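The values are calculated or read from the model by the stated rules, or taken from the named source; none is laboratory data. Quick caveat: nothing in here was measured; it's all calculated off a predicted structure. Backbone-built Cβ (ideal geometry, glycine too); neighbour counts: all protein chains shown. We work out accessible area using only protein heavy atoms, side chains counted, and drop any ligands, DNA or RNA first. Shrake-Rupley method; radii C 1.70, N 1.55, O 1.52, S 1.80 Å.
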Amino acid sequence: MVHISDCKKFKRCPKYFWLSKKEPTPPFSPFVRMDEDLTGLACQKLKINEHFRGIRGDDPSLAMAALNQQEWLVSARFEYNQLRVKIPFLHHGSAGWEVYFLYGGHLPKEDEAFSYMLNNWVLEKLGISIVQFYIIHLNPDYIRGKELDPQALFLISDRFYNDSGNPARKVADAIEKQKTEVQLLLDQMDQLLDQGEPDSVKTNRCTRRNKCVYYERCFAAEKELEADSILTLVSSQYKNQMAAEGRLKLQDADYDRLEGTRQQFAQIKAAQNGGCYLDYFGLKTWFDGTLEYPYCFLDFEWETYAVPPYEGMRSYQVLPFQYSLHILEADGTLIHREFIGVHDCRRDFVEKLLNDLPSRGSVIAYNAEGAEKIRLQELAARFPDRAKPLMKIHARMVDLAFPFQAGLFYDTRMRGYYSLKTLLPLFDENLTYQKLDIHQGMDAVVQWRNLDQNNTETDHQAIRDHLLQYCGLDTYSMLIVMEGLKKKLIEWEAKHQLKEAASAA
């Protein structure tokens, strides 16, 4: 028996499907938190009372029998020729059967049509003709009041949406466009499972949206890449082609096949210069024109909710629950402050942050433009009485990622990666996240959920300690990276002063 998810995996990559069946990965923690029963809330939106409700493991005969007994079928399981599907909402209207697909995001795009086509194929084969298709999805404009309003939480559409958020192709037309030889697809999947492991073929599907969970397994050799390998070249659509031609090093790159980004320039210059490139004047200008003491290194941790749990929140809006703050004065004095809360701790978060942050100096975060600055805007919108001081912090923020994204500094040991965890060992080999109980951001979120949900099987104090250590290392790492860049500038100046002195002599 196979499911829609299996068909999607096979379409993405046959080996992905094969591995998922032969070597399934452990269950992963979802990025988005779903505390609410989305199907139950959608039932309220559709005003469904009496209905058949399917459950996992149902024999498909139960749903078939319910067709003659109920106006509404919810989460009904159907199966044809080993393909098992779950139909979110099946309604017998005046003109015939209608399907309401449940989409857990805001504006469903047409790439969902393949899955919907497979659902419809099973229904057609079972003699269930659908006269209308709808999608019930979350309303991006809904803001929760004191109570959750399922009528306002959802929207119902008979169309997909384009990238601009406007209604586009009808769902029925998109399903028709996706029609394929489903039985042939199922036969190919079945045949593949009887064969040995397929070859690994790298395509853009391997890393598109979310990197495949088997990527490291398929391309383990990449872990052993030389620091100056051409395969570390960022934003390059031709690097694999160049490598196949024998251009194995960054310095061997064909300039006619470069996109010409500043990062690529820095990578190639670093390889030519023995492993490190520094744009002295660009980096010094950034320091002198952007930064002001005290340096306030700030990092937030937050949770993402599909359904807004608290007043004033939208669906998929985040709730900051923790921050770490390291304050470095010009004389070298270092102060650390921190916060961690549970449940709706937004007000406490804001008040302590405003109290902890000095009224002057640069507020430095890594990837501030895509993270902390957005969080500050959201908090300012939620608490108008604190909007002015919050937006003053917003105006003082400096993104520590800028020097690396702008190609002002590159070390080939980065191997094309620009995360804070990649940068830290370049400037301090003894500091590492691997010694912590929490190694990365998603682990922190999962641990915090145990606190927030009052999980009695966990040691709450130990979790708090681990969370504080992890977030604290984030801000301390920023300090180390900042001081490391300053040291690089000093070394450059000393080197060139010696050259000038030698030339003068």
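Residues that are loosely packed, with under 15 Cβ neighbours inside 10 Å, of a type in the set (A, V, I, L, M) and in contact (Cβ under 8 Å) with a residue 60 or more places away in the chain occur at least once in the stretch 211-221. So, I130, is that one crowded, with 19+ Cβ neighbours inside 10 Å, touching a helix residue (DSSP H, G or I) at 6+ places or on another chain (Cβ under 9 Å), at pLDDT 95 or above and of a type in the set (A, V, I, L, M) or not? No; evaluated as a whole, the condition is false for this residue. If the condition is being in a loop (DSSP other than H, G, I, E, B), open to solvent by less than 60 Å² (accessible area, probe 1.4 Å) and at pLDDT 90 or above, then the stretch 19-36 contributes only V32.
For the stretch 71-95, a residue qualifies if it is open to solvent by 30 Å² or more (accessible area, probe 1.4 Å), modelled with pLDDT under 95 and more than 36 Å from the chain's Cα centre (by Cα), and the qualifying residues are S94, A95.
Quick one: which residue in L153, L148, L185, L138 is in contact (Cβ under 8 Å) with a residue 24 or more places away in the chain and either of a type in the set (D, E, K, R) or over 30 Å from G40 (Cβ atoms) (or both)?
Just one listed residue meets the conditions, L185.
How many residues are surrounded by fewer than 19 Cβ atoms within 10 Å (Cβ to Cβ) and either within 30 Å of the chain's Cα centre (by Cα) or charged (D, E, K, R) (or both) if we restrict to the stretch 118-127? Summing the residues that are surrounded by fewer than 19 Cβ atoms within 10 Å (Cβ to Cβ) and either within 30 Å of the chain's Cα centre (by Cα) or charged (D, E, K, R) (or both) in the stretch 118-127 gives 2. When the stretch 222-256 is limited to residues that are without any contact (Cβ under 8 Å) to a residue 60 or more places away in the chain and open to solvent by less than 40 Å² (accessible area, probe 1.4 Å), the one that is nearest to the chain's Cα centre (by Cα) turns out to be S236. None of D158, D141 is of a type in the set (D, E, K, R), at pLDDT 95 or above and under 26 Å from A66 (Cα atoms) except D158. Is there a residue in the stretch 395-402 that is in contact with a Phe, Trp or Tyr (Cβ under 9 Å, 6 or more places away or on another chain), surrounded by fewer than 17 Cβ atoms within 10 Å (Cβ to Cβ) and not in a loop (DSSP other than H, G, I, E, B)? Scanning the stretch 395-402, I find at least one residue that is in contact with a Phe, Trp or Tyr (Cβ under 9 Å, 6 or more places away or on another chain), surrounded by fewer than 17 Cβ atoms within 10 Å (Cβ to Cβ) and not in a loop (DSSP other than H, G, I, E, B), so the answer is yes. Within the stretch 313-344, if we keep just the residues that are under 22 Å from R360 (Cα atoms) and aliphatic (A, V, I, L, M), the residue that is surrounded by the fewest Cβ atoms within 10 Å (Cβ to Cβ) turns out to be A330. The single condition from (1) open to solvent by 20 Å² or more (accessible area, probe 1.4 Å); (2) under 20 Å from V74 (Cβ atoms) that L153 fails is (1). Summed over the stretch 346-361, residues that are surrounded by fewer than 18 Cβ atoms within 10 Å (Cβ to Cβ) and of a type outside the set (D, E, K, R) total 4. From the set of residues in the stretch 40-56 that are open to solvent by 30 Å² or more (accessible area, probe 1.4 Å) and in contact (Cβ under 8 Å) with a residue 24 or more places away in the chain, which is farthest from Y310 (Cα to Cα)? Applying the filter and picking the extreme gives F52.
Screening D279 against (1) open to solvent by less than 20 Å² (accessible area, probe 1.4 Å); (2) touching a Lys or Arg at 6+ places or on another chain (Cβ under 9 Å) leaves a single unmet condition, (1). Every condition in (1) modelled with pLDDT of 95 or more; (2) open to solvent by 10 Å² or more (accessible area, probe 1.4 Å); (3) over 30 Å from Y142 (Cβ atoms) is met by Y310 except one, and the failing one is (3). Of all residues in the stretch 367-394, which are β-branched (V, I, T) and either free of Cβ contacts under 8 Å to residues at least 12 places away in the same chain or in a loop (DSSP other than H, G, I, E, B) (or both)? I374, the sole residue that qualifies. Of everything in the stretch 426-463 that is part of a helix (DSSP H, G or I) and in contact with a Leu (Cβ under 7 Å, 6 or more places away or on another chain), the residue that is modelled with the lowest pLDDT is Y433. If the condition is being loosely packed, with under 13 Cβ neighbours inside 10 Å and free of Cβ contacts under 8 Å to residues at least 12 places away in the same chain, then the stretch 429-454 contributes E429, N430, Q434, K435, N454.
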